[in-house]
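Note sheet for the following structure.
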Amino acid sequence: MLPTDEEFTLLELTDRLLNRGVVLAGEAVISVAGVDLIYLGLNVVLTAVENLRTRREPAALRNHDAAED
Amino acid sequence: MTQTLVYLYAVLPHTLDGPVQGIDASLVRWINAERLAAAVSDVPADDFEEEPLNTNVRNMAWLAPRAVAHQDVNERLFEASEAIVPLAFGTVFRDDDRVRQLLSEKAKQLQTQLARVRGCAEWVVALHALHDPDVNATAEVRELQGQIAASTPGRAHLLRRQLATAERDAARRLRTDAAAQVLEGLRVATVEVFEEPLPSDTVERPLLRASVLVRRDAEATFMDEVERLRARWPEPTYRLLLTGPWPPYRFAGLERAAD
């Protein structure tokens, strides 16, 4: 399934927040190492996406779709 | 009293005014050093010590509201500031001194990162192939079709198998070409392009996935270019997904090739 615009936003945001965002490695006393281990498959990511979505008005996670401009 | 740790959201060139609510309804406060300002809030050690944290991030019910709070903070700081280095979720320090130490030790790197993304936002573009592109116009396919039409049934049968291969190859070439040209179009309309790795096979695999850094005062031009690319590779064969503007999670963290 191709993600919808909203799912695309949440997937990419999740990817940045939890997977490959900026981590000042070695500097933090604690940082979440190997978070990507939880992203073994799409199902887990989509669960996160669903969770984010149900807890949130879509407007707060901005989904700027140029087609609607 | 509950023990607390210091959670770091982002580093900015200066402190911002006004209350911002962070994770677990804590208030964001600032730690300054080296003409840098770190946006932090206090979080319970019971949840954010290394061991519980690494368990908690696997629990979506725990993670989701906190990841959203993290993003909310960075979104607000991003909108209110010219430059921001937003951190990934889960960067936690023992106390304010450790954060100050980080700002001091990494001052030069952080200043470089801030300069790189100043006045810019991050966007993400993905190009998907929804349906097979029309390969009938390609030379190889056309030639084989012509040969088949002029052949005996036996030879036509053999040629049809060649045709199937030629059609697959042509479709692959057209898609690769579409991805390359969209990437090229993005390079023209943005400050920087980072070609993202493609997701694993379990995901509907895009032809191209790219983060781009766009000047906020040039967003209209960027949108025009995206529309041009959409029109050039239209649905229902292709779909170009776009999301942004975001705090520069990716670009503030990338090492410069030249560094």
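The values are calculated or read from the model by the stated rules, or taken from the named source; none is laboratory data. Only a predicted model underlies this, so the values are computations on that prediction, with no experimental measurement involved. Counting neighbours? That spans all protein chains shown, and the Cβs are built from the backbone with ideal geometry, glycine included.
Confirm whether B:Ala83 is hydrophobic (A, V, I, L, M, F, W, C), closer than 21 Å to B:Leu16 by Cβ and without any contact (Cβ under 8 Å) to a residue 40 or more places away in the chain. If you could, list the steps in order and put the result at the bottom.
Working: hydrophobic (A, V, I, L, M, F, W, C): yes; closer than 21 Å to B:Leu16 by Cβ: yes; without any contact (Cβ under 8 Å) to a residue 40 or more places away in the chain: no.
Considered against the rule, which asks whether it is hydrophobic (A, V, I, L, M, F, W, C), closer than 21 Å to B:Leu16 by Cβ and without any contact (Cβ under 8 Å) to a residue 40 or more places away in the chain, B:Ala83 comes out as no.
Of the residues B:Ser41, B:Ser26, B:Ser81, which is touching an Asp or Glu at 6+ places or on another chain (Cβ under 7 Å) and of a type in the set (S, T, N, Q)?
B:Ser26
Does segment B:128-151 hold any residues that are part of a helix (DSSP H, G or I) and surrounded by 12 or more Cβ atoms within 10 Å (Cβ to Cβ), and which are they?
Selection gives B:Glu140, B:Val141, B:Arg142, B:Glu143, B:Leu144, B:Gln145, B:Gln147, B:Ile148.
Name the single residue, out of those in segment B:109-126 being small (Gly, Ala, Ser) and assigned to a strand (DSSP E or B), that is modelled with the lowest pLDDT.
B:Ala126
Mind checking which strands (runs of 3 or more DSSP E) fall wholly inside segment B:152-246 and carry at least 3 residues that are touching a helix residue (DSSP H, G or I) at 6+ places or on another chain (Cβ under 6 Å)?
Because the criterion is at least 3 residues that are touching a helix residue (DSSP H, G or I) at 6+ places or on another chain (Cβ under 6 Å), the strands (runs of 3 or more DSSP E) in segment B:152-246 that meet it are B:208-215, B:238-246.
Can you give me the number of residues within segment B:49-104 that are of a type in the set (Gly, Ala, Ser) and not in a helix (DSSP H, G or I)?
Summing the residues that are of a type in the set (Gly, Ala, Ser) and not in a helix (DSSP H, G or I) in segment B:49-104 gives 4.
For segment B:221-237, name all the residues that are more than 11 Å from chain A (Cβ to nearest Cβ) and within 22 Å of the chain's Cα centre (by Cα).
Scanning segment B:221-237 gives B:Thr221, B:Trp233.
Return a yes/no flag: does segment B:153-163 have any residue that is small (Gly, Ala, Ser), under 30 Å from B:Arg209 (Cα atoms), in the same structural domain as B:Val135 (by TED's automatic domain parsing) and free of Cβ contacts under 8 Å to residues at least 12 places away in the same chain.
Taking every residue of segment B:153-163 in turn, none turns out to be small (Gly, Ala, Ser), under 30 Å from B:Arg209 (Cα atoms), in the same structural domain as B:Val135 (by TED's automatic domain parsing) and free of Cβ contacts under 8 Å to residues at least 12 places away in the same chain.
Among the candidates B:Arg66, B:Arg100, B:Arg76, B:Arg94, single out the residue that is facing another protein chain (nearest Cβ under 9 Å) and of a type in the set (Lys, Arg).
Just one listed residue meets the conditions, B:Arg94.
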